[in-house]
Amino acid sequence: MSETSQSVFADATQSVGDAIIELDHVDKFFGSFQALKDISLSVGRQEVVVVIGPSGSGKSTMIRCINRLDEHDNGRIVVDGIELSADVKNIQEIRRETGMVFQQFNLFPHLTVLDNITLAPRQVRRMPKKKAEEWGMELLEQVRIPEQAKKYPGQLSGGQQQRVAIARSLAMKPKVMLFDEPTSALDPEMIGEVLDTMKDLAKEGMTMIVVTHEMGFAREVADRVVFMADGQIVEVGTPEHFFTSPEEDRTKLFLSQIL
Amino acid sequence: MTTVSVTKPSALTWVRRNLFRTPLDAILTIVFGSLAVYVGIRGLLFVFVNGRWEIISVNLKLLMVGRWPADELIAIAVALVILGLWAGLIAGIIAGRQVRKGTSAIEGMTRLERASDLGRRFGLVIATLLLLLSLTDTSGPWLMVLFTFVGGVVGRLIGGQIGVRSLPSWVSRLGIVVMVVIPVWAYLYMASAVPLADWEGFLFNLSSAAAGVVLSFPLGLLLALGRRSKLKLLKGMSIAYIEAVRGAPLYVLLLLANVSLEFFVPAALAPSKVVRAIVTFTLFTAAYIAEIVRGGLQSVPLGQEEAAKALGLSPTKQMRLIVLPQALRNVIPAQIGQFISLFKDTTLAGLALGILDLLNAAGAITQQSDFRGQGLIIETLVFVGFLFWVGSFTMSRESQRLERKLGVGTR
């Protein structure tokens, strides 16, 4: 990394205002393979951060460390003032405040759409059934598929399933939403409906970290774009800066490959 | 239904296509066809003409319930009627719940269709019961079956009413407890009339198989979870247990249960042979159930657990609400298969422990002075085999139905 980019990098990792997620010199190993190398990033409240980069660059691992689906080895991760440690209570608390949307949806196939959504509020927040179902229907309205409430996930299209998955995460009223390549498993004609739902969410002020290959979405919605390669954060900047005048050679190469 | 119309081939065309396509096909068809016809005719002749079935009708009580005292038979009747009511209640509640959820398969059916559906499911059992009843010369068994049937119908009607209602959760929890207690009570009630040690005949095979199923399932589940546990000791113990039990023939374990207990327990305190048989069945079947359930747990994608974690569910709830229901559903056929095995293997206990179960009783009656030396063992073995087949086949059919209902492989 050159001198100049170091300074840009240092500035850009700092979010505006008060940070809700902070990663501080985080390392992650899978055996002898280092998946994350000295990752530092801070995300402010209501900020939308889009993470891009070639496959195997550690994007997914980074956001999976934030809610402890993967365990980081060194460094600190703080979510809304709670530090992730081996303490199970802290982990549970952070998971309740972060929603996650997966590439493969991971809806529960043995439960109806509505039961998928109400499960966590009822089981974790102890919300009464009736109230949870009203809340679930409200969320289904929000993702625009209330008519599918009684169906099973297997009866829905991929795009509908992913919107249910988003509603399911929102049901816990999370402060942060993590999206792990939410449109990568979808047929092209269904990508739009999921991205629209995500845009709505961003407009409402949700804090979001989105791992995606959808450059259009990044350009339109992101406050900042993070480019990762080989387990490191290579470059961080506003979409405009990032797509028009990237500084790092690695970034330029990647952009030339995909754009 | 597709609208493409295909002219149905005539019977002759079908025969030519399927049975006589090539010279080899023709030869095979003729050879095995005549063999089948021969065996079929011999079988029918045996059943309806040559078979001397009076040995069965004379000894029917011995075959069914062994030497159960005649004046205590009322206990069996009472227990059966209660169990009929219980089974009806459960069937009714399940059906009612399906109506409420709009997933009922029978709601749109006419009465006739429903009856034929029931006939397909339980016709074989009903026919067998009628056959057995026709062999009796007293009215007791008729009344018992009649009242059990009435109990079942009454239970079904009441259960249907309960099922369609939305009940407060404490009521349904209490209801589940009651539903668990009823069969246990029936079992203990019968055991209070005649000690477990004296349960014989087909009653022994049925009741100890049922007890083995009920007890081995939770134990097998715990073993499966133990085998996946992160606690090294628990994991090691589970694996050791499963592999040790699966490595031994059931018959050997039953023989061991017969002789080895005296080494550890004074004879006066040693449990009866029936209890030993049930314990051995339970311990044996649990090891197999554990492996079946483990297979089921592995069949659930990792993403399911991750999604449950990400929602903040506790590890217990991740397992209980998300992973286990899917895992168990995926292995219903294998589980029922294991239970069918257990049902049939109860005959081994008769031999290993010297219990007068159905098979042993069937052998013993051929030694009665009226029947000795007449080769009637064929008739009795056919009878025993038939009863086990009816039970196993019915379980197998019900398991397929359950699979379809839960939509294994479709969603």
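Observations on the model:
- Average projected area [Cα convex hull, region B:198-411], square nanometres: 15.1
- Each residue in A:169, A:256, B:57 was given a count of other beta-carbon atoms within 10 angstrom of its own, and listing them fewest first yields A:256, B:57, A:169.
- Judged by the ratio a/c of the largest to the smallest principal axis of the C-alpha gyration tensor, chain A counts as prolate, that ratio being 1.5 or greater while a/b is larger than b/c.
- In chain B, the calculated helix contribution to ellipticity at 222 nm averages -25000 deg cm²/dmol per residue, counting -39,500 (n - 2.57) for every DSSP H run with n ≥ 4.
- The alpha carbons of region B:181-234 stretch over 47, 23, 15 Å along the principal axes, in descending order.
- Electrostatic tally near residue B:53: other residues with Cβ closer than 15 Å to its Cβ, Lys and Arg +1, Asp and Glu -1, net -3.
- Other protein chain C-beta atoms within 10 Å of residue C-beta, averaged over A:101-111: 5.
- Cross-link partners for residue B:309 among the lysines, with Cα-Cα distance under 19 Å and sequence neighbours closer than 8 places in the same chain left out: A:89, A:173, A:175, B:230, B:317.
- Residues of type aspartates and glutamates that residue A:131 reaches as a straight line, Cα spacing below 16 Å, ignoring anything fewer than 8 places off in the same chain: A:115, A:141
- Cross-link reach list, lysines versus residue B:101, counting only Cα pairs under 17 Å and skipping chain neighbours closer than eight places: A:129, A:130, A:150, A:151, B:405
- Segment residue B:10-residue B:41, extension gain: residue separation times 0.36 nm, minus the distance between their alpha carbons: 8.4 nm
- Centroid-to-centroid separation of region A:190-259 and region B:198-244 [C-alpha atoms, Å]: 54
- Computed over the protein assembly as shown, the Cα gyration tensor eigenvalues convert (square root of 5λ each) into semi-axes of 63, 30, 26 Å, ordered from largest to smallest.
- Were the residues from residue B:115 through residue B:25 laid out at 0.36 nm apart, the gain over their Cα-Cα distance would be 28.3 nm.
- Listed by Cβ neighbour count within 10 Å, with the fewest neighbours leading, B:158, B:289, B:106, A:145 appear as B:106, B:158, A:145, B:289.
- Relative to the longest principal axis of the Cα atoms of chain A, helix A:3-13 runs at roughly 20 degrees.
- When you restrict to C-alpha pairs under 8 Å that are six or more residues apart and normalise by the size of chain B, the relative contact order lands at 20 percent.
- Global form of region B:13-112, assessed from the alpha-carbon gyration tensor, a/c cut-off 1.5: oblate
- Angle between chain A longest axis and helix A:249-258 axis [Cα atoms, degrees, rounded to 10]: 40
- For region B:266-298, backbone nitrogen atoms closer than 15 Å to the point 7 Å from residue B:246 Cα along Cα-to-C-beta are found at B:284-298.
- Three-way shape call for region B:69-193 based on the alpha-carbon gyration tensor, with the a/c threshold at 1.5: oblate
- Virtual paramagnetic centre 7 Å along Cα→Cβ of residue B:389, amide N under 20 Å, in region B:320-358: B:337, B:340-348, B:358
- Distance between region B:32-75 and region A:60-109 - C-alpha centres, whole angstrom: 66
- At least 24 Å along the helix axis (C-alpha) and Kyte average at least 1.6, DSSP helices within chain B: B:23-45, B:73-101
- Distance between the pseudo-spin-label points of residue B:381 and residue A:196 (7 Å out from Cα toward the beta carbon): 7.3 nm.
- Separation between Cα centres of region B:77-135 and region B:333-408, rounded to whole Å: 23
- Relative to the 2.2 N^0.38 Å rule of thumb, region B:11-50 has a C-alpha radius of gyration ratio of 1.52.
- To the nearest ten degrees, helix A:129-142 and the longest principal axis of the Cα atoms of chain A are 50 degrees apart.
Read-outs: derived from the displayed coordinates by stated rules, not from any lab. Everything quoted here is computed from the prediction, not taken from an experiment. Cβ sites come from the backbone with ideal geometry, for glycine too, and all protein chains shown count toward neighbours.
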